[in-house]
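Presented below is the structure to which this report refers.
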Amino acid sequence: MARILIAAIVLAAAVTLYGLFDCLLRDRGLIRVLSKPVWAIIILCIPVIGFILWYAFGRGSEDKPTAAPRRRGPSAPDDDEDYLRKIDRDVKLGKHAPEAQNPADKTPDADDKPSSTDSDTHSADTDDHGSGGSTGEGRGRSN
């Protein structure tokens with residue numbers, strides 16, 4: 001008789017823990033009738049009956065969520081209506097149009113001017129490999 005009682009207590013504890021973790025880990029949109037903390041208290045205070053009530057009335061199916069998932073705000077800029085309105089207004093005002101550059105206003109940059117060293121492709125100082133050092137004795141080439 002004691003073995004049956006111990007087995008029943010272990011089974012009740014296992015079912016209660018399973019129901020409690022199922023309740024706590026389930027998404028809020030999948031819980032029906034009461035809130036998640038209330039269901040957790042019911043499962044803990046009324047061990048086996050609380051689990052049966054949770055499974056029958058509180059546990060929603062994952063196929064059909066009972067409530068739409070809550071959105072705190074837009075997830076991307078193109079989902080935000082205010083942002084899209086602002087961009088549309090800016091485009092109409094011409095803020096996003098590229099500025100036309102007048103060639104007379106453009107001043108030549110340092111990169112546009114050819115330098116005198118760029119035109120010299122082979123200097124007297126450079127060896128066949130293009131290194132700019134002098135060719136001294138013992139540097140890899142024998143004369």
Note on the range 25-52: residues modelled with pLDDT of 90 or more and surrounded by 18 or more Cβ atoms within 10 Å (Cβ to Cβ) are 39, 40, 42, 43, 50, 51
Some residue of the range 5-19 being within 33 Å of the chain's Cα centre (by Cα) and surrounded by 13 or more Cβ atoms within 10 Å (Cβ to Cβ): yes
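The values are calculated or read from the model by the stated rules, or taken from the named source; none is laboratory data. Just so we're clear, the structure is a prediction, and the values are computed from it rather than from any experiment. As a convention, Cβ positions derive from the backbone with ideal geometry for all residues, glycine included, and neighbour counts pool all protein chains shown.
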